[in-house]
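The values are calculated or read from the model by the stated rules, or taken from the named source; none is laboratory data. These figures come from a predicted structure and were not determined experimentally. Note that each Cβ is placed from the backbone with ideal geometry, even for glycine, and that neighbours are counted across all protein chains shown.
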Amino acid sequence: MATSASVTSSQTPVVIVGAGPAGLLLSQLLDLEEVDSVLLEARSREYVLNRIRAGVLESSTVELLQAAGVGDRLRSEGMEHRGIYLQWPEERHHLDFVDLVGRSVWIYGQTEVTKDLMRARETAGQEAYYDVSEVSLHDLEGDRPTVRFVDSDGVAREITARAIAGCDGYHGPSRPAIPDRVQQIWEHGYPYSWLGILADVAPSTDELIYAWHPDGFALHSMRSESVSRLYVQVDADDDIANWSDDRIWDALATRLGDGQGGWRLTAGPVLEKGILPMRSFVATPMRHGRLFLAGDAAHIVPPTGAKGLNLAAADVALLARALVGWLRDGRTDLVDTYSDTALRRVWRCTHFSWWMTNMLHRHGDDFDAQLQLAQLRWVVRSDAAAAGLAENYAGLPIGY
Ligand SMILES: Cc1cc2nc3c(=O)[nH]c(=O)nc-3n(C[C@H](O)[C@H](O)[C@H](O)COP(=O)(O)OP(=O)(O)OC[C@H]3O[C@@H](n4cnc5c(N)ncnc54)[C@H](O)[C@@H]3O)c2cc1C
């Protein structure tokens with residue numbers, strides 16, 4: 001390590017910007033193949049460990065975490081679900097993914113995935129800087145790209161790498177470091193949001209319920225045997241202050257069909273609540289020179305298809321293989337095709353998330369509502385339609 005003009009310089013094969021699931025999993029997969037990396041994260045370790053977000057893992061994500069050596073707690077504490085319920089007033093139907101496509105999904109919170117990955121990273125002894133600021137990326141088009149930042153002690157640092165992995169989410173500095181002349185942004189907005197709660201009550205259902213209702217969409221999900229996660233559709237400009245806990249539980253009871261066919265929704269203390277905006281966003285290409293984007297840094301999907309975390313994991317599986325092939329084995333074919341290969345799956349999942357969202361959320365007029373109901377009836381009555389939903393929800397193979 002050398003110091004010049006009050007900047008501390010060092011080198012590593014890969015700098016990973018962002019310690020979300022994408023960055024942490026990438027560092028773990030590289031470590032298993034003996035490729036070193038340095039991880040930079042703007043937030044504190046504690047903040048990252050306590051962030052509550054996604055909770056549904058596709059079968060391919062589960063296999064990937066297992067292969068990465070962090071699947072044991074998932075297998076013992078996670079909940080395997082065979083499928084989901086789709087419902088609308090007076091009707092609830094189960095789609096059994098295992099029967100339809102031979103794959104299940106697992107309920108295991110992103111918070112738990114993060115804990116497992118962080119522990120693995122610490123065991124491996126790979127270098128990480130939390131609480132960093134002023135992160136900037138340089139010389140991406142040359143063969144010695146550099147990341148500059150200020151560490152938590154206020155020390156200005158510069159790390160030169162052979163590759164930079166931009167895993168810093170939607171708001172991070174990696175994507176904006178790609179010049180406008182080579183980047184294309186694809187975006188779609190939705191006129192509604194999700195109001196989500198985490199509740200200290202056992203789930204009232206064994207598997208997730210996706211409910212279409214004239215008042216708006218509702219979802220009954222869960223984080224564990226004793227903690228429920230539930231959502232209601234609200235207007236995009238709604239304010240959480242408008243929603244008391246009682247109002248939220250009343251809306252959930254109505255939309256999820258409390259009392260319908262004897263089913264009851266059990267309410268409980270709300271641990272956390274917030275409004276989650278919905279958007280579809282893709283930035284192409286996912287590589288520029290020596291910078292490779294992965295996860296939310298390159299794409300965002302509305303959460304209806306449970307794809308955000310799974311897409312991040314799928315990107316990183318491809319990227320790890322590509323970087324190992326290049327940095328350890330000297331082959332460049334996989335880094336050269338990384339963006340195209342990853343984007344095939346990204347667009348498939350972007351379409352699926354958009355399709356699920358449009359089918360289930362109230363928008364438009366009564367004509368649109370009839371079309372949505374016609375589509376829902378088709379999905380539950382046609383094996384081909386049900387298998388299409390199941391194949392996408394339970395997850396396509398890595399490298400699809
Ligand atoms: C509130 C919320 C709820 C969600 N709920 C669901 C859900 O129910 N289902 C679902 O499938 N998906 C959900 N998602 C999406 C899912 O959580 C993401 O797709 C997933 O976290 C993507 O992982 P990632 O590692 O790519 O990005 P992130 O998890 O966003 O990680 C990026 C990391 O980069 C760090 N970073 C940012 N800027 C810098 C910087 N300058 N320097 C260094 N580090 C930086 C961030 O602090 C963060 O730790 C939700 C997202 C949010 C925000």
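Taking the conditions exactly as written (crowded, with 19+ Cβ neighbours inside 10 Å and farther than 20 Å from L318 by Cβ), does V132 satisfy them or not?
Yes.
Restricting to the stretch 260-280, count the residues that are over 24 Å from D246 (Cβ atoms) and either away from the ligand (no atom under 14 Å from the Cβ) or surrounded by fewer than 17 Cβ atoms within 10 Å (Cβ to Cβ) (or both). Step through it out loud before you land on a result.
Start the filter on the stretch 260-280 by keeping residues that are over 24 Å from D246 (Cβ atoms), which leaves 261, 277-280.
If we keep only those that are either away from the ligand (no atom under 14 Å from the Cβ) or surrounded by fewer than 17 Cβ atoms within 10 Å (Cβ to Cβ) (or both) as well, we get 261, 277, 279.
Of the residues in the stretch 260-280, 3 are over 24 Å from D246 (Cβ atoms) and either away from the ligand (no atom under 14 Å from the Cβ) or surrounded by fewer than 17 Cβ atoms within 10 Å (Cβ to Cβ) (or both).
Check A199, A156, A165 and return the single one that is crowded, with 16+ Cβ neighbours inside 10 Å and over 22 Å from Q28 (Cβ atoms).
Within the list A199, A156, A165, the selection yields A199.
What are the residues in the stretch 355-370 that are part of a helix (DSSP H, G or I) and loosely packed, with under 13 Cβ neighbours inside 10 Å, if any?
D366, F367, D368, Q370
Could you name every one of the helices (runs of 4 or more DSSP H) located completely within the stretch 1-71 that has at least 3 residues being over 26 Å from A322 (Cα atoms) and within 15 Å of the ligand (Cβ to nearest atom)?
Correct list: 45-50.
Of G142, G109, which residue is modelled with pLDDT under 95 and more than 17 Å from S27 (Cα to Cα)?
G109 is the lone residue from the list that is modelled with pLDDT under 95 and more than 17 Å from S27 (Cα to Cα).
Does A384 satisfy the condition of being closer than 19 Å to A22 by Cα, at pLDDT 95 or above and in a helix (DSSP H, G or I)? So that I can check it myself, show each step before the final result.
Numbers: closer than 19 Å to A22 by Cα: no; at pLDDT 95 or above: yes; in a helix (DSSP H, G or I): yes.
No, not satisfied.
Here is a yes/no grid of residues against (1) within 12 Å of the ligand (Cβ to nearest atom); (2) of a type outside the set (A, V, I, L, M); (3) in a loop (DSSP other than H, G, I, E, B); (4) on the phi < 0 side of the Ramachandran plot:
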{"position": "F149", "(1), (2), (3), (4)": "yes, yes, no, yes"}
{"position": "I164", "(1), (2), (3), (4)": "yes, no, no, yes"}
{"position": "H171", "(1), (2), (3), (4)": "yes, yes, yes, yes"}
{"position": "P191", "(1), (2), (3), (4)": "no, yes, no, yes"}
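Condition (residue is at pLDDT below 95 and assigned to a helix (DSSP H, G or I)) applied to the stretch 240-260: is it met by at least one residue?
Yes, there is a match, as at least one residue in the stretch 240-260 is at pLDDT below 95 and assigned to a helix (DSSP H, G or I).
Just for the stretch 69-93: of the residues that are of a type in the set (A, V, I, L, M) and in contact with a helix residue (DSSP H, G or I) (Cβ under 9 Å, 6 or more places away or on another chain), which one is nearest to Y210 (Cα to Cα)?
L86
Among all residue pairs at least 6 apart or on different chains, which show Cβ distances below 7 Å where the first residue, located in the stretch 40-59, is β-branched (V, I, T) and the second is within 6 Å of the ligand (Cβ to nearest atom) and in a loop (DSSP other than H, G, I, E, B)?
V48/A19; V48/E41; V56/A306
Please find, within the stretch 292-313, the residue that is surrounded by the fewest Cβ atoms within 10 Å (Cβ to Cβ) out of those that are of a type in the set (A, V, I, L, M) and part of a helix (DSSP H, G or I).
That would be L309.
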